[in-house]
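Asks: The structure under discussion is supplied below as structure tokens; questions concerning it will follow.
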Amino acid sequence: MATQTKPILYGYFRSSCSWRVRIAFALKGIEYDQVPVNLIQDGGQQHTKQFESVNPMKQVPAVKIDGITLCQSLAVIQYIDETRPGPRLLPADPKTRAQVRMISDLIASGIQPVQNLSVLQKKGSEKEQWAQHFINQGFQALEPILKQTAGKYCVGDEISMADTCLVPQVYNAERFKVDLEQFPTIKRLNQTLLEMEAFKVSHPSRQPDTPPELRA
């Protein structure tokens with residue numbers, strides 16, 4: 001599906017959900033515009049009436065594309081996979097596609113939400129311990145699954161939506177000082193993926209709203 005208007009991504013440089021979408025755009029070679037939504041400044045710009053009109057959930061990312069507005073990163077990724085050329089992010093084979101969705105959902109629904117900013121703000125001084133606990137718990141489930149499904153990437157030797165979810169979650173794990181040595185498959189896959197240009201250009205250290213002290 002061709003369009004003359006670039007998609008617009010409303011996101012935050014450090015949001016793992018926003019990063020998933022940036023990776024997918026990069027893998028597909030899709031040019032897009034970014035509108036930064038600072039989740040911390042001014043009490044969180046996601047709470048403004050202006051942004052609420054874009055996404056009533058007051059979360060990033062949100063994407064305006066093809067005359068519609070989509071929120072929820074996996075929905076965005078699946079939409080662009082179904083409407084844009086480039087490498088398939090959801091395999092054609094039903095069993096392999098189910099594995100990709102399983103891993104993506106495990107991260108996007110089972111791990112990431114409980115260490116999201118809005119949750120951590122409620123935990124105060126306990127936030128790092130809280131995040132470590134739930135990332136460790138999630139990775140203890142993810143590691144044996146990936147041992148079964150992984151080839152070069154999360155599912156076999158083709159890049160997929162699962163990979164767009166894994167790398168941002170590992171980034172969060174490192175921020176919260178999770179010991180990755182206990183998860184060798186996760187660590188290996190992450191290292192491989194970070195060598196790819198799509199993961200480099202979409203990295204939180206290279207976004208328009210990245211603070212100067214965090215730029216790479």
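Asks: Quick check on the chain: of the DSSP beta bridges with both residues there, what percent are antiparallel, nearest 5%?
Replies: On the way: 7 of 12 bridges.
So the antiparallel bridges in the chain amount to around 60 percent.
Asks: Got a sec to turn the phi values of the stretch 158-168 into Karplus ³J(HN,Hα) couplings, 6.51 cos²θ - 1.76 cosθ + 1.60 with θ = phi - 60°, whole Hz, x for Gly and Pro?
Replies: 10, 4, 8, 4, 4, 5, 5, 8, 5, 4, x
Asks: Quick one: which residues, 5+ away or cross-chain, put their amide H under 5 Å from the amide H of Gln34? H built at 1.01 Å from N.
Replies: When sequence neighbours closer than 5 places are left aside, the close amide H contacts are Leu9.
Asks: Given a 1.4 Å probe and heavy atoms of the protein chains only, how would you sort Thr5, Thr149, largest accessible area at the top?
Replies: Numbers: Thr5 100, Thr149 15 Å².
So the residues, ranked largest to smallest area, are Thr5, Thr149.
Asks: Next question. Could you do me a favour and compute the accessible area per residue for the chain, 1.4 Å probe, result in Å²?
Replies: Details: 10790 Å² over 216 residues.
Here the residues of the chain average 50 Å² of exposed surface.
Asks: Would you be so kind as to identify which of Pro168, Ile186, Ile145 lies farthest towards the positive end of the dipole of the stretch 94-199, taking Lys and Arg as +1 and Asp and Glu as -1 on Cβ and the Cα centre as origin?
Replies: Ile145
Asks: Okay, moving on. Using only the Cα atoms of the stretch 167-211, build the gyration tensor, take square roots of its eigenvalues as a ≥ b ≥ c, and label the shape rounded, prolate or oblate: rounded if a/c is under 1.5, else prolate if a/b is larger than b/c, else oblate. Write out the running numbers ahead of the final one.
Replies: Values: a/c = 4.02, a/b = 1.47, b/c = 2.72.
Oblate, because a/c is 1.5 or more while a/b does not exceed b/c.
Asks: Continuing with the same structure: If a/c stays under 1.5 just call it rounded; otherwise compare a/b with b/c (prolate if a/b is bigger, oblate if not). Do that for the stretch 94-176, with a ≥ b ≥ c from the square roots of the Cα gyration tensor eigenvalues. Mind showing how you got there, number by number?
Replies: Working: a/c = 2.58, a/b = 2.36, b/c = 1.10.
Prolate, since a/c reaches 1.5 and a/b exceeds b/c.
Asks: Continuing with the same structure: Read phi for every residue in the stretch 86-100 and hand back ³J(HN,Hα) as whole Hz from Karplus 6.51 cos²θ - 1.76 cosθ + 1.60, θ = phi - 60°, with x for Gly and Pro.
Replies: For the stretch 86-100, the Karplus-derived couplings read x, x, 5, 9, 10, x, 6, 5, x, 5, 5, 4, 5, 5, 4 Hz, x marking Gly and Pro.
Asks: Report in % the part of the accessible area of the stretch 121-213 that belongs to carbon and sulfur, leaving out ligands and nucleic acids; probe 1.4 Å. Write out the running numbers ahead of the final one.
Replies: Numbers: 2200 of 4670 Å².
Its accessible area is 47 percent carbon and sulfur atoms.
Asks: Return the long-range amide H neighbours of Ala150 (sequence gap of 5 or more, or a different chain), with a cut-off of under 5 Å between placed amide H atoms.
Replies: Gly156
Asks: Another question, if that's okay. Would you rank Ile30, Ile80 by solvent-accessible area, highest first, keeping every protein chain in place and using a 1.4 Å probe?
Replies: On the way: Ile30 30, Ile80 0 Å².
Descending accessible area places them as Ile30, Ile80.
Asks: Here are several values of Kirkwood radius over Cα pairs in Å: (i) 20.5; (ii) 17.1; (iii) 17.6. Which one was derived from the coordinates shown?
Replies: For Kirkwood radius over Cα pairs in Å, the calculated option is (iii).
Asks: Which shape class, rounded, prolate or oblate, goes with the stretch 8-87 when its Cα gyration tensor gives a ≥ b ≥ c as root eigenvalues, a/c under 1.5 marks rounded, and past that a/b bigger than b/c marks prolate? Mind dumping the intermediate values first?
Replies: Values: a/c = 2.38, a/b = 1.76, b/c = 1.35.
Because a/c hits 1.5 or more and a/b exceeds b/c, the stretch 8-87 counts as prolate.
The values are calculated or read from the model by the stated rules, or taken from the named source; none is laboratory data. Bear in mind that the values here come from a model prediction, so they are computed numbers and not experimental data. Here the Cβ is made from the backbone with ideal geometry for all residues, glycine too, and neighbour counts use every protein chain on show. Calculation scope for accessible area: heavy atoms of the full protein, side chains included, ligands and nucleic acids excluded. Shrake-Rupley method; radii C 1.70, N 1.55, O 1.52, S 1.80 Å.
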